[in-house]
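Asks: First the structure, which I've put down as structure tokens, then a few questions once you've had a look.
The values are calculated or read from the model by the stated rules, or taken from the named source; none is laboratory data. All of these numbers come straight from a predicted model, not from anything done at the bench. Cβ sites come from the backbone with ideal geometry, for glycine too, and all protein chains shown count toward neighbours. We work out accessible area using only protein heavy atoms, side chains counted, and drop any ligands, DNA or RNA first. Shrake-Rupley method; radii C 1.70, N 1.55, O 1.52, S 1.80 Å.
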Amino acid sequence: DVKVTQSSRYLVKRTGEKVFLECVQDMDHENMFWYRQDPGLGLRLIYFSYDVKMKEKGDIPEGYSVSREKKERFSLILESASTNQTSMYLCASSYPGGVGGYTFGSGTRLTVV
Amino acid sequence: EDQVTQSPEALRLQEGESSSLNCSYTVSGLRGLFWYRQDPGKGPEFLFTLYSAGEEKEKERLKATLTKKESFLHITAPKPEDSATYLCAVRGSMEYGNKLVFGAGTILRVKS
């Protein structure tokens, strides 16, 4: 069964901490994505990557960065966590122009206190 | 800019009471409309892809249809296990790579 695995289901971090969210996929997908999901706002794209070492800003990249050193792994970094970054973070992957859209991970619920 | 609006925000149904969820979209050159189901605390799960007006897809009690401006997810004789958030997303011709734009979702509750 194909999978996208996010390293943590729940995280609690303090304001100002540097936070790493990890995502690994086993489907050999070229494209990987990071979204955040907030009530009433839906999924908003933070960053995406269409190949190793390549990255593109999404709609809300401020306060975030990403790293993709290997095809299967896409990391989201919160440089200095703030309370307004408390959210559900979803990682997804796909083939370029994939018919089935995305395969999502289970999500990481991040709380910044 | 591509946009997706879903309605209603929330829907309560009795078991067996059929209804429809709406997804209205504006996009420059539709290259796919996607429906996902999301259970609480989990990531979205793919249901359907539709590509052109008039297309329909079915899976168990769900049927998705597409026009040039909107898509409907019809739920026939729903059961409590159909309770979830249903997300709609589009991919437009101006979107780089395989980027999708999502709506805010419809929360469906089916009571027995």
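Asks: Of the residues that make up region A:77-84, is at least one closer than 18 Å to residue A:23 by Cα, outside any strand (DSSP E or B) and touching a strand residue (DSSP E or B) at 6+ places or on another chain (Cβ under 8 Å)?
Replies: Going through region A:77-84, the residues closer than 18 Å to residue A:23 by Cα turn out to be A:77-79.
Still in the running and outside any strand (DSSP E or B): A:79.
Remaining after also requiring touching a strand residue (DSSP E or B) at 6+ places or on another chain (Cβ under 8 Å): A:79.
Yes; the residues of region A:77-84 include at least one that is closer than 18 Å to residue A:23 by Cα, outside any strand (DSSP E or B) and touching a strand residue (DSSP E or B) at 6+ places or on another chain (Cβ under 8 Å).
Asks: Can you tell me which residues in region B:17-49 are farther than 14 Å from residue B:6 by Cβ, within 11 Å of chain A (Cβ to nearest Cβ) and either surrounded by fewer than 15 Cβ atoms within 10 Å (Cβ to Cβ) or not hydrophobic (A, V, I, L, M, F, W, C) (or both)?
Replies: B:31, B:32, B:39, B:40, B:41, B:42, B:43, B:45, B:49, listed by residue number.
Asks: Read through the list (1) within 14 Å of chain A (Cβ to nearest Cβ); (2) open to solvent by 10 Å² or more (accessible area, probe 1.4 Å); (3) closer than 18 Å to residue B:11 by Cα, then give the number of the only condition that residue B:83 fails.
Replies: Here residue B:83 clears every test but (1).
Asks: I need the full set of residues from region B:41-67 which are assigned to a loop (DSSP other than H, G, I, E, B) and in contact (Cβ under 8 Å) with a residue 12 or more places away in the chain, in order please.
Replies: First, pick out the residues of region B:41-67 that are assigned to a loop (DSSP other than H, G, I, E, B): B:41-44, B:51-55, B:60-61, B:67.
Matches in region B:41-67: B:44, B:51, B:52, B:53, B:54, B:61, B:67.
Asks: Could you look through region B:86-101, keep only residues that are in a strand (DSSP E or B) and more than 10 Å from chain A (Cβ to nearest Cβ), and pick out the one that is modelled with the lowest pLDDT?
Replies: B:92
Asks: What's the number of the only condition in (1) free of Cβ contacts under 8 Å to residues at least 40 places away in the same chain; (2) of a type outside the set (A, V, I, L, M, F, W, C); (3) within 17 Å of residue B:22 (Cβ to Cβ); (4) more than 13 Å from chain A (Cβ to nearest Cβ) that residue B:70 fails to meet?
Replies: Failed condition: (1).
Asks: Could you tell me which of the residues A:55, A:13 is at pLDDT below 95 and among the basic types (Lys, Arg)?
Replies: Working: A:13 fails: at pLDDT below 95.
Of the residues listed, the single one that is at pLDDT below 95 and among the basic types (Lys, Arg) is A:55.
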